[in-house]
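Written out below as structure tokens is the structure these notes cover.
The values are calculated or read from the model by the stated rules, or taken from the named source; none is laboratory data. Quick caveat, the model's predicted, so the values are computed rather than measured. Cβ sites come from the backbone with ideal geometry, for glycine too, and all protein chains shown count toward neighbours. Surface areas here come from the heavy atoms of the whole protein model, side chains and all, with no ligands, DNA or RNA. Shrake-Rupley method; radii C 1.70, N 1.55, O 1.52, S 1.80 Å.
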Amino acid sequence: VDGIASAAGYAAALIAVTAGVIIAARASRSSRSAIRRYLAAALISIGVATAVATPETRAQTRPLDVLPNLVGLIGDLFAVGAAFCVLAMLTHAVARPDHVRPRVRRQATILIAAVLAMILLLALSATHTTITVASSYALDPFMAGYELLYLVAMCWGMSNFLWLVRRYLSQDDNDRLRQVLRINTAAAAVGLVWAAWKLFTLVAMHVGLRLVDHAAVSELLAALLVTLIGVGCTLPAWAEWLSTHADLVGTRRALTNLEPLWRTLTTAVPGVTLPDADPHTATLEYALYRRIIEIHDAQMALRSFIHPDVPYRARRAARRRGVPTGQDTDVIVEAAELAAALHAHRAGQQHQANTEPALGAPTPKAAARISSCRRAEDGPSELLQPTQPVNMCAEVYWLIKVSRALFSSPIITEVLNNGPSGESLCSELR
Amino acid sequence: MTTDHAFTVRCKQIIQSLPIPRPFDQQSFFAAIAHQRGKHIELVPAPLDTGLPCGLLVSTDEVDYIVHRTDTTVLHALHTDMHELSHLLLGHGQLPDPVATPDTHSGADLIGAEPVNADAAAEALNLLLPHLSPRLIRRILGRNPGRSLFGTREEWEAETLGSLLMVEIQRPAGAAHRSIDLADHLAHLRPSRRRVPAGPQWTA
């Protein structure tokens, strides 16, 4: 149990100290750097206190205890210092500017008094160095006083912090702050359980109850508390970092998934590719965006090569094979249109009425062109209707489904093989 | 076309100067750009036939008309609008004098570097913008995926700026600027503290 408590304590300490360092590193960017400094100091202090309090550290540092339980005292003083930093930070956050300095001075005075009192009480307690000093000497009035003073300082810091979170930050409609709020509320709940456990331990000792592994329970609760505080204070920054990297992974995967469709289409219509992007421009999201647009441009360029019967045949084949109507069938239809258009393009067979180059001839008149386009919208050719995806993610999702259908759906094979000319086209695509 | 870092830098400067609403709203964005330029921009969705450009920029002294196809996805249509807007932002295709007659539309700039038939171009414009006299047209540029899209420097620039602009508007608000931690929130409490009743005293 001591091993688990130590491991949890070290992990929590690492999280808290890292969080403190991250916050301190950003201090120069903030005009309210006092708040940032106190928050960083609180996190680093509580991290150090947690690491020092672990059974493993206490065992390893026993030779350093020139005075009985000196290392334990140092750890506790770091924790009390963290509580002071929290109070000072909150004072800077909400007190009137002219009240800040006197209040922080008063708090510092109380801190010094508490520190001196703890040192004095420990010295008077006449303890011997032990990992479980609080419980071993619970019946010692000086040691009990030491523990009570320590708990009061910690609870005072925690309750003020919780009050601030509930009172001020809960009014903010920022989603990230709400995450912080939830985590810090959880931390405060664990902190109260930790304080209650410590108090219960003291009382239990006084009434003669023997508790098994109570120190390890206390350490585990403290580790959980410190972890939640460390994560909660820096979660928005971490979440953003994680989210950015998750987006990069998603973008890279989307690029890979769209590669076959994009390559096939841009090989057929090479003019749609934007040449020579500046390497400084070519971020992954830019590359993905260009890929989507180039696919759509190629689809548009290939429209006149779609045989008018293809959508009908694709729908019929999809229905026969039990593909649900709606988006799944639409994907099949679009893939079939692409497959047919690619083949016709290779064969140089335009199927739509305007087989002459666009705007290349005085007739048919533009009126006829537009009305034929309207007919095409209402008719069987349903490629790229405006009711399809609106944003980039939806476009990617849609195009990946089309790509998969184009390259692997047996329905496309069937549609192509039963085409007007009966050609087998699948080998050209795959 | 050569790689052009200087142009990319220019694009980023242009994008930074634009009043991009968050969340993005196309109507208010184009209205703000029009206000910034002091010239009205009219978006004209049109059911353009297959083979016609997927977008057109038709400029008069008073109005810039941006025509996009209706038979494509919303993202693709918006990209077309951004491409045409980029021509405006980059000052492309300015003609010295208004076009005299429909016959003088060589159409050479209608779809990039591709020559087009003047009559067909004039008829298409008559249908799309029937109230617009060809005499008033000062500039026509088009985006046509059926041809070599980016055969001219101007088309390449407009496509690049349009794409960068589209990537920018799809970023969530503030995503590129900074991350916020608890200290930032605490630091912003002071300006609003008067709205909140005084809390407990921090000192014992």
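Restricting to the stretch A:9-22, name every residue that is among the hydrophobic types (A, V, I, L, M, F, W, C) and either at pLDDT below 80 or open to solvent by 30 Å² or more (accessible area, probe 1.4 Å) (or both).
A:Ala11, A:Leu14, A:Ile15, A:Val17, A:Val21, A:Ile22
So which strands (runs of 3 or more DSSP E) stay within the stretch B:1-74 end to end and still have 2 or more residues that are free of Cβ contacts under 8 Å to residues at least 60 places away in the same chain?
Strands (runs of 3 or more DSSP E) meeting the threshold: B:40-46, B:63-69.
Scan the stretch A:352-372 and tell me whether some residue there is in a helix (DSSP H, G or I), touching a helix residue (DSSP H, G or I) at 6+ places or on another chain (Cβ under 8 Å) and modelled with pLDDT of 85 or more. Within the stretch A:352-372, none of the residues are in a helix (DSSP H, G or I), touching a helix residue (DSSP H, G or I) at 6+ places or on another chain (Cβ under 8 Å) and modelled with pLDDT of 85 or more. Within the set B:His68, B:His87, B:His92, B:His76, the sole residue that is facing chain A (nearest Cβ under 10 Å) and modelled with pLDDT of 80 or more turns out to be B:His76. Among the residues making up the stretch A:23-74, a single one is more than 21 Å from A:Leu228 (Cβ to Cβ), modelled with pLDDT of 85 or more and facing chain B (nearest Cβ under 10 Å): A:Arg37.
Condition check ((1) open to solvent by less than 20 Å² (accessible area, probe 1.4 Å); (2) at pLDDT 50 or above; (3) among the hydrophobic types (A, V, I, L, M, F, W, C)) across all residues:
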position	(1), (2), (3)
A:Pro324	no, yes, no
A:Val333	yes, yes, yes
A:Ala339	yes, yes, yes
A:Gln349	no, yes, no
A:Cys393	no, yes, yes
A:Phe407	no, yes, yes
A:Ile411	yes, yes, yes
A:Val415	yes, yes, yes
A:Asn418	no, yes, no
